[in-house]
Each structure stands twice: as structure tokens, then as C-alpha cells.
Amino acid sequence: MKVNVIGGELSQEEISQYVSRAESINKGKVIDEMTLRPDGDYIDIEYHFAPANFERIRRITGYLVGTLDRFNNAKRAEVGDRVKHSVA
């Protein structure tokens, strides 16, 4: 993670505390970059998150699935027999 301190100075211990707090608040997200702007008694904090992986989910034969790896042969054949409609 890249940490920028703009407009002031912070000790490494303070920066570590802000990073730790940000990670605990944003569980499940990866913080790519953090900008800290000291302003008197306050600090403006700006996060930039890393892009999240997205798995495509489709409704196939009445089931919400991401992949067909758990389908049996009959369900796979049903998927293969589907009529795909185009949008004009």
C-alpha cells in the first residue's frame, strides 16, 4: 500500500495507526493507496481501493451459477441446447 502525507508531517507510528484502522474498517477490501492530509487537530483521510475481482453469475436452468463445473451431464446438455436470442 502506498501512503502519501500531504501538507504536514506524521510519525511512522501515526501512519501505521491510520493504516491499521483503515484496514479494520474496510475488511474484505484491499486499500491500494491512502492519502493523509494533516490540518491542525484534524486529518483528512482518502482511500483508493484496488479493483475487486468479479465473478460473472448467470441464471441457467433455474440455478444461479458462476461456472458449469458442478453440473451433471444432463444439465450441461440442457445448457448446450438453449436457444440464444440476439438483441436487435
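Heavy atoms only, probe 1.4 Å: what % of the accessible area of the chain goes to carbon and sulfur, would you let me know?
The value for the chain is 47 percent carbon and sulfur by accessible area.
Specify the angular offset, from 0 to 90 degrees and rounded to the nearest 10, of the alpha carbon long axis of helix 12-25 from the longest principal axis of the alpha carbons in the chain.
30 degrees
Need one value: the accessible area of residue 63 in square angstrom, 1.4 angstrom probe, rounded to the nearest 10.
Approximately 120 Å² for this residue.
Along each principal axis of its Cα atoms, how long is the stretch 38-88 end to end? Whole angstroms, biggest number first, please.
Principal-axis extents of the stretch 38-88 (Cα, largest first): 67, 33, 16 Å.
How large is the helix-only mean residue ellipticity at 222 nm for the chain, computed as the sum of -39500 (n - 2.57) over DSSP H runs with n ≥ 4, divided by its residue count, in deg cm²/dmol to the nearest 500?
One gets -7500 deg cm²/dmol as the mean residue ellipticity at 222 nm.
Starting from a Cα-only point model with no solvent, please compute log10 I(q)/I(0) by Debye for the chain at q = 0.10, 0.11, 0.24 1/Å.
-0.52, -0.56, -1.17
Would you mind working out the magnitude of the charge dipole of the chain relative to its Cα centre, with +1 at each Lys and Arg C-beta and -1 at each Asp and Glu C-beta, to the nearest 20 Debye?
1180 debye
Just the number, please: percent antiparallel of the DSSP beta bridges in the chain, rounded to the nearest 5.
Roughly 75 percent of the DSSP beta bridges within the chain come out antiparallel.
Can you tell me which lysines have their Cα less than 22 Å from the Cα of residue 75? Leave out same-chain residues fewer than eight positions away.
Cross-link targets: 84.
Tell me the per residue accessible area of the chain using a 1.4 Å probe; a whole number in Å² is fine.
85 Å²
The values are calculated or read from the model by the stated rules, or taken from the named source; none is laboratory data. What you are looking at is a predicted structure, and each value in this text was computed from that prediction instead of being measured. No Cβ is skipped: glycine too gets one built from the backbone with ideal geometry, and neighbour counts run over all protein chains shown. All accessible areas refer to the heavy atoms of the entire protein, side chains included, with ligands and DNA or RNA removed. Shrake-Rupley method; radii C 1.70, N 1.55, O 1.52, S 1.80 Å.
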